[in-house]
1. Treat the range 1-68 as a sphere of radius equal to its Kirkwood radius over Cα pairs and apply Stokes-Einstein at 25 °C in a medium of 0.890 mPa s; give the translational diffusion coefficient in µm²/s, rounded to a whole number.
2. Using helices alone, what [θ] at 222 nm do you get for the chain, with -39,500 (n - 2.57) per DSSP H run of 4 or more residues, divided over all residues and rounded to the nearest 500?
3. Percent antiparallel among DSSP beta bridges with both residues in the chain, to the nearest 5?
4. Report Rg(Cα)/(2.2 N^0.38 Å) for the range 140-288, keeping two decimals.
5. I need the trypsin sites (Lys or Arg not before Pro) found in the range 84-147, filtered to DSSP loop residues with at most 16 other beta carbons within 10 Å of theirs.
6. If you put +1 on each Lys and Arg Cβ and -1 on each Asp and Glu Cβ, how big is the dipole of the range 159-313 around its Cα centre, in Debye rounded to 20?
7. How big is the Kirkwood radius of the range 58-211, worked out from every pair of different alpha carbons and given in Å to one decimal?
8. Looking at the square roots a ≥ b ≥ c of the eigenvalues of the Cα gyration tensor of the range 61-127, which shape do they give, rounded for a/c under 1.5, prolate if a/b is larger than b/c, or oblate?
Amino acid sequence: MGARAAIFGLAGPELAAAERVFFAEAAPWGFILFARNVESPAQVARLTADLRAAVGRDAPVLIDQEGGRVARLGPPHWRRWQPVMRLFAHAYGGADEEKALEAARLRYRIIAEELAGLGIDVDCVPLLDVPALGAHEVIGERALGRDAAAVARRGRAVCAGLRAGGVLPVIKHLPGHGRADVDSHDAMPRVATARATLDAVDFAAFRPLAHEALGMTAHVVFEAIDPERCATLSPAVIDVIRDGIGFDGLLMTDDLSMNALTGPMADRVTGPLAAGCDVILHCNGDPAEMAEIAAATPILAGLAALRAARAEAERTGLRRAAEAFDIRAADARYSELTGENLHA
């Protein structure tokens, strides 16, 4: 049997016996880790190996390791990062963008080194959301900048740093979360901005990175495109992602357990897949929800299977191509560039 079109979280720092049985039967395409799954480097490495053993293949293991507010790994075992927006707001940021881009590449090369040593090979960055004035701060300092060209340029540096360390990036949140009026973890955001402005700003930040292998949707309603359904559920918005932005990689949903979505988990699966998403993402590790999702989620097939295979081949190639890396020298150079103490 092939892999199911799902990425699942799990409850704690060890794979429970019941989870092992469930994952063996459900055969999700991949897994995602959160802070509740993390205690120490040796423990995380064991966990990623156990997850892969449960499904009997080299499944992708994802994490949200942006640094700053969204970081699943932190002291005492891993580095502490300031929000990425501050990196580009540093004193040299306006005067010397090249130094800021070097710092961004270094930041995510160091993060990749930390992740790869744990068996984590996909990081859910970069955010290519362009934050708008007056929008909810759910994006805020997680953003790479405040205009589309800067966000795309800096996003490219983020991807380069991860790739150099053998970790595959995920561009998010397609086609843009920067205008959201509420946090989609809590409720459904609605954006009333004209299509022409969305094209020129929000979507423009994603186009230069549309070649990336993995992308994640936004649970955001774009009234100018589909006033009824959010991007995750809207064939019209996913057409924009595919044709207007040009993204032909594996498109995963944002977390199905977020409160922007309502209704039974089975419906939260069938809606996105019918709309054109390739894979669903469910993060909270709740066994009853995961069982309902697995029952409603098909085995990867067709274009979704081809995109998944491309992503896996690229992930494997990056891991093999990752070069030796002097992480202490990188720490020193990063601190020289930014004044940031990663071990404070």
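No value in this document is a laboratory result; all are computed from the given coordinates. Given the structure is predicted, the values throughout are model-derived calculations rather than measurements. Cβ sites come from the backbone with ideal geometry, for glycine too, and all protein chains shown count toward neighbours.
1. Working: Rh = 12.1 Å.
Estimated diffusion coefficient is 202 µm²/s.
2. Rounded to the nearest 500, the figure is -12000 deg cm²/dmol.
3. That works out to approximately 15 percent antiparallel.
4. 1.00
5. Of the trypsin sites (Lys or Arg not before Pro), the ones in loops of the range 84-147 whose Cβ has at most 16 other Cβ atoms within 10 Å are R146.
6. So the magnitude is around 460 debye.
7. In the range 58-211 this quantity evaluates to 15.8 Å.
8. prolate
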